[in-house]
Every structure is written in structure tokens, then in C-alpha cells.
Amino acid sequence: MRKIILVWTWMLGLAASGQTFRQIEPGIYIVTAGQEDAHTPLRYKEPVAKQLREMPAEANPFAKESVHIEVNARGCVVDLPLSADENIYGFGLQMGSFVQNNKKKRPLVNDHPLKDLGYTHAPQPFYISNKGYAVLINTARYTTFYIGTNRKNTDYTPLPDNQKAKFSTDELYRSSAQSGSKPRVQVDIPGAKGVSVLVFAGPDMNSALRRYNLFAGGGSLPALWGLGMKFRLKTDSKQEDAYRIAHYLRDKHIPCDVIGLEPKWQTRAYSCSYVWNNEMFPNPSELISRTRAMGYKLNLWEHAFVHPSSPLHPRLRSKSGSHLVWNGLVPDFADSTAQRIFAAYHDTCFVQKGIAAFKMDECDNSNITRGDLNWSFPELTTFPSGIDGEQMHQLFGLLYQKTLYGVFRKHGMRTCLDVRASGALAAPYPVSVYSDTYDLEDYVRMVCNAGLTGLLWSPEVRESADEEDFFRRVQVAVLSAQTLFNGWYLRYPAWLQFDKQLNNEGQFLSTATKNEDTVRRLLNFRMSLVPYLYAQFARYRMEGTPPFKPLVLNYPTDKAVAEIDNQFLIGDDLLACPIVTKGNERTVYLPEGRWYNFNTNERLEGGRTHTVRFGLDELPLFVREGTILPLSEPVDCLTPQTTFILHCRVYGKQPRNTLLFEDDGVSYAFENGIYNKVSLGWNGRGSLKRTGKLKGIRYRVKSWTQIGKED
């Protein structure tokens, strides 16, 4: 028997040899060995964006003999080259680390990411190198990446042993770069009988990432209202509570576009009935129409596990997994019929009635770091489509959001969704990932990591220890993809009372009015930034360039930015540097060129580190010299009729033109060319040039201010 196994292993390995890369899109190469799984990220991705084919082809960065795939009795092993001075990033929405060199990463979906293991809400078998290429392993299996392993080979030259004494286990066992052999990236995929490896060529880091995002279908362009503020109500709020908060925000002129309803809007929530709770919300149609008249969109919380009382239960019984979650069915989202049933119900009962978005919760796995929190379906679950429980966990969040996104897409309606799990090739979906974790330093790091993996991340604001903690969190939320206040256990907005018990008793802080003013000021800035943000999302959709990204993406040859994960770029011209610790001071590294403090207009030289200070009511933000920054007069909410009155700040003597994107903000007409490009220029005086097929006008310039002309 042992001889038979050895022969079988040798034959599988032999079958994997002799594979060569082939180019499938400009600058994108694929190599396959063995028999791939039926359920992989490539199977479920959106069509390739046409803009990818407009990019110039680039040669494969790997010599064909430098990538090896072995198929053996254990599964698949992929072996890829890694140079000594190379930095590796990616693997999805990583929370605890940024540079991934010399680590073992298991990008597994998990509702409680544990630092440095790779567990995350949005895992991806994908990494990107500062050498200007990216790699996707096309698998939905639980996969381990060894970044910098030292495999025995003929070139290996042993080095003298390091006899320096170690006085802690951390010092003894911590991973470190090893010399004397050629490091590799090795990928272990147990259970796989074959796999494909995709390589995205550069020539630079940004080009490689653009190819990845365009291959996925292009970046997301959410509805314009998705760039405003979202306020989620307390989980047991009633219809009158929704009206109370809606009127409060409008009366105080605190900008808000979306009101989110938490679990108790349904008759059953764990698992879900997807039926309005008439005791809590006696007249949903009135709620939708009244809040819509005030300029709000409604977002409904749910998860995908179907309660026995749900009208969906009998329809999905034969199209669900072998195990239950909270006594509810697990829809087989890998089956097109199950997708259609789930989507059609949401379409008829909610979307056609005026619901604008959904929050998709608990579609990640249980906390696999603990044995006593085993709420989700086990990996041994079977599904009618043939996908197994392991692969379903890795794809579940992605397939769930794809299903609901398709409802809006069918009607030509743009939306802005929330999800607690995602995966590879997710760039086209206008969905922000969120987390029940709440460490502010991690939240900022996740903005950086999301930008390198085609994801949007939502660092929401919930409870706070004090005023300082609260407003530092608000500053991060205002400068992120989605500005979200989540009051799921607070009856009143958190800025009125930070203490949970006192908040729910209606006892407000003595500084409540002052806090309202600060929140209003910060949110007004968010609203003033919408034209700039919208242009970045349009660029994301059409070019694949992420709107929020780490500094290394724009400055890959600057060694000083290689490990910076507490600053990020918004577009190319704004640099955010949030304060995540106590106090109002931090150091910031500014890349090459000159940068201006947004609050004071002080000019600082790039290529060096500076000590800076920001108050609680200021923006931790710098503007690159040469920028024309269009800031709009803030509005309480965003509608298709909103006209942005712009006050343009011109930074420096020779500014670059700024390009804005002008469309109806809610449909996909832009895909048929119904939009305008609005170019803002400066040559001693400001100019606006509009080209395109859209007949309406969304942007009007009211003033121009030149900053730094004397420098």
C-alpha cells in the first residue's frame, strides 16, 4: 500500500510539471496544474472591465521556470520567487499587520480577527509586491502562505550558527529574515487536486493593483448618497424612534443620508424572518415615505440564515446546507436558483417598496480562535451545489453581497451596502466591510490594507471612553470610505452621552451642545469633500485605482513609507494622518514634494518626518502642493437634485488640473456615456471646463483661493 501511495504522489507531481503561463488579459498571466475545484473566486467574479483592455500589455515578471506547482497526496503546493529586498502586502482585510514578510498567513474568514494569523472578515489568497506585481491563488480552500521560507536547494550555503543567547521565548521564536539561501513564497492548499495561479504585471505597484481590480470588474461607484453619513439606530428602536432621530438630525443640521434599522425591525432576527415586526414598526410604508421626504434612505439589517417562520423557508429548504445556524437554513448561494429565490423575495418585499440598502451581518465564520463560540455552520456541512462547508465559508460573504447587489443592479439602481465578510475580486461591489472589533489603531491599518485588496472598509463610531476618544474616532470615520455612526445599544447619539447606561436613561453630558457643534463641523467637512471623493470613486470604477490607499502604493521606491500603516492617501492629493493615541500630537512622514496643513495652510517639506498637532475639531489632513481642492458648501443630505457650490482652494503656484465626475448619482447611465468630466484649472485665475453627454449641471464654482503663492 505504501508503494502505491508513493507512486500516486509521484504521478500527481509529474502531472503538474511542464505547465507554462498564458496571457489571458493585457499583463495578466495564468498557469494551471491538476484539476481545479469547481468553486473558486474566478467562477463567481463579475465580467472584466473593458478599461483593462486599454492598458498596455506588460511582460510576466516571473520566468516560467521560477513558479512551481506541485500536486500531491496532501493537496497543492505553489512555490514562487521572492527577492531579498522585496516587501509583500495584502491577503485581504488584515488587521494586525501591514508588511507580511517572514510571516505565516492563513487568510481565513473569521468573525474575530486574531492578530498576525491572517484571520479576517475579508480574506484573500492574494498578495502584492512593492516590486510591481501581484499574485492571486485561485482557491476557496483554507490556504496557508509562508512568506520567506528557506527551502533546501543546491544554492544553499550554510551560515555560521548565531550563538547569541536569547532571554525570552518571543526573541527566540520570532520570525526573521534568514540569509544563506533564496527565500520563497510557498502556498499550502490541503485537499486541492489542482489550482491556478494568476500573476498581475506592473510595471509598478499601482498598475498591478489596477489590473487586479479591473479584472474583477472595475472598482465600485456607490450611489452618491452613500458618501454621506449613515446613522444606525438602537437594536430595539421603534418606528417613533426612527422619526425622533430623523427630526433631531435635521433640526440640528447634522448631515445624514441613511438611517439604519437593526434586528428588531423583523419578527425574528436570529435566525431571520425578513418580515416586518408590526409591533415595533406598525406602518413600514409610511416610515419609508416620511423619511424619504426628509431626504433619508433606509437600510435594513439582516443575516442570511432563514428562520422556520420566514416565507423564504419552504422555498429554500431544498436549496440550503445540511446544517442549521440559529435553527435557520443556510442558503446555498453557490446555486443560482437559491440566489434567485433569495433575491426575488428582497426585491418584491423591500427594494420595490423603497428600501435603499441592506446591512449583511454574521456572514463570516464563528470565532475560530475559541471553542465556545461555535454559532456558524461547520466545515463538514454539505450543500446541493456540491460546494463544501470550508469553501462556502470563504465565499459566503462574497456570494451574499453579490446576490443582494444584483437586485439593485437589475433595476439600474446604485446602492451602498454593508457586509461583515468579503473576499477576493470584490472590487465592483459598492459594499463596506465592518467589524465588531473596535481598536482605533487597527481601524486605521485596515484602511491601508483594504486599499491594496480591492475592498472598502468602514471604521464605524460606537461607544467611547471619553470626548477625546470619541472625536478621534469621528475624524477617522469622516476621512474613510463610509462615515458610520452605529448606535445599536444607545438610545441617543453617542456625542450627547458617552456612557451607555446614562445615554439610555436620557441623561446628557454638560458638553452635549458643544459636542453637537463639533460633530456638525466634522460632518460638514465630510459633505464639503464629497465632490473630491466622488471623483476618486469614479476613477476607481473606470481605472481601478483605489480611492483610499497606503502611501507605499504611490511611493513604492521611498523606503521610508514601506511600513507606514497609520497614514493613508485619499486620492493622490490628500494625506490623512489620524491620531490614534492619547494627546493631540503625532509624527507624520510626508513623501517627496511639499505639503500644506489643511487647517493652518502651513507648508511643510516632504521627504522627512514632522511633529504635528491637531485639535478635536480639526482634520488630521495634509494637501499636496499643486492641488486644486474643490470644497462644497455642506448640505444636510445628498439627492439627485443636489447642486454643489464649490469653493476651490489652489495650493501653490503651478497647480495641476482637477477632474470631477458629474452624473445623476443614482443610476448606471454613466456606463452608456451619460456623464460629464469637469476640469478645474488655474492660470492666475480659475477656470471650469465641462465635456460630456450629461445635460444637467451638478457643480458650480463660487470662489477661488490661492494658498502658498508667496512661498
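Order of 581, 705, 143 from fewest to most other C-beta atoms within 10 Å?
581, 705, 143
Tell me the mean residue ellipticity at 222 nm calculated for the chain from its helices only (DSSP H runs of n ≥ 4, each -39500 (n - 2.57), averaged over every residue, nearest 500). Provide the component values of the computation, followed by the final result.
Numbers: 14 runs with 165 residues, N = 711.
Roughly -7000 deg cm²/dmol at 222 nm, from the helical runs in the chain.
Just to be sure I understand the model, the point goes 7 Å from the Cα along the line to the Cβ. What's the resulting residue 611 to residue 352 distance in nm?
With each label point 7 Å from Cα toward Cβ, the separation is 6.5 nm.
What distance in nm separates the two pseudo spin-label positions at residue 236 and residue 84, each 7 Å out from Cα along the beta-carbon direction?
6.4 nm
Which of the chymotrypsin sites (Phe, Trp or Tyr not before Pro) found in the stretch 308-405 are loop residues per DSSP with 13 or fewer other Cβ atoms within 10 Å of their Cβ?
Values: sites: 326, 333, 342, 345, 350, 358, 375, 396, 400, 405; in loops: 326, 333, 350, 375.
Of the chymotrypsin sites (Phe, Trp or Tyr not before Pro), the ones in loops of the stretch 308-405 whose Cβ has at most 13 other Cβ atoms within 10 Å are 375.
Which one, 324, 368, 338, projects farthest toward the positive side of the charge dipole computed for the stretch 276-377 from Cβ point charges (K/R +1, D/E -1)?
Farthest towards the positive end: 338.
With a 10 Å Cβ neighbour count serving as the proxy for reagent exposure, in which order, fewest first, do 366, 667 appear?
Values: 366 20, 667 16.
Least crowded to most crowded, the residues run 667, 366.
Over the stretch 628-707, consider all pairs of different Cα atoms and compute the Kirkwood hydrodynamic radius from their mean reciprocal separation; express it in Å, one decimal.
13.4 Å
Select from 648, 314, 287 the residue farthest towards the positive end of the dipole of the chain; place +1 on Cβ of Lys and Arg, -1 on Cβ of Asp and Glu, and compute about the Cα centre.
Selected residue: 648.
Find how many whole Å separate the alpha carbon centroid of the stretch 395-427 from the alpha carbon centroid of the stretch 674-703.
Each part reduced to its Cα centre gives a spacing of 32 Å.
Distance check, please: which entries in 582/653; 182/559; 50/115; 50/709; 115/402; 230/709 exceed 30 angstrom between their Cα atoms?
Pairs exceeding the cut-off: 582/653; 50/115; 50/709; 230/709.
Could you tell me which of the pairs 264/500; 353/410; 353/677; 252/549; 103/131 are separated by over 23 angstrom between their Cα atoms in the structure shown?
Too far apart for the 23 Å limit: 353/677; 252/549.
Which loop-located chymotrypsin sites (Phe, Trp or Tyr not before Pro) does the stretch 411-499 contain, where loop means any DSSP state but H, G, I, E or B and the Cβ has at most 16 other Cβ atoms within 10 Å?
When the chymotrypsin sites (Phe, Trp or Tyr not before Pro) of the stretch 411-499 are filtered for loop state and at most 16 Cβ neighbours within 10 Å, 438, 489 remain.
Under the 0.36 nm per residue contour assumption, what length would be gained going from the current alpha-carbon distance of residue 691 and residue 510 to full extension?
Length gained, residue 691 through residue 510: 60.0 nm.
Quick one: putting +1 on the C-beta of Lys and Arg, -1 on the C-beta of Asp and Glu, what dipole do you get for the chain around its Cα centre, in Debye to the nearest 20?
Using Cβ point charges on Lys, Arg, Asp and Glu, the chain gives about 1520 debye.
Apply 1/(1 + (r/R0)^6) to the Cβ-Cβ distance of residue 149 and residue 439, taking R0 = 30 Å, and write down the FRET efficiency to the nearest 0.05.
Step by step, r from the Cβ atoms, then E = 0.50.
Restricting things to alpha carbons, find the Rg to Rh ratio for the stretch 548-622 using the Kirkwood radius for Rh.
A ratio of 0.93.
How many nm is it between the label spots at residue 559 and residue 592, if each spot is 7 Å from the Cα in line with the beta carbon?
1.6 nm
What does the charge add up to near residue 700, with Lys and Arg as +1, Asp and Glu as -1, over the other residues with Cβ less than 12 Å from its Cβ?
On the way: positive: 690, 698, 702; negative: 633, 662.
Value of the local net charge: +1.
Using every Cα-Cα pair within the chain, state what percent have a distance larger than 35 Å.
45 percent
Since every read-out is calculated from the coordinates, none of them should be taken as a lab result. Note that the structure is a prediction, hence the values are computed from the model and not measured. Backbone-built Cβ (ideal geometry, glycine too); neighbour counts: all protein chains shown.
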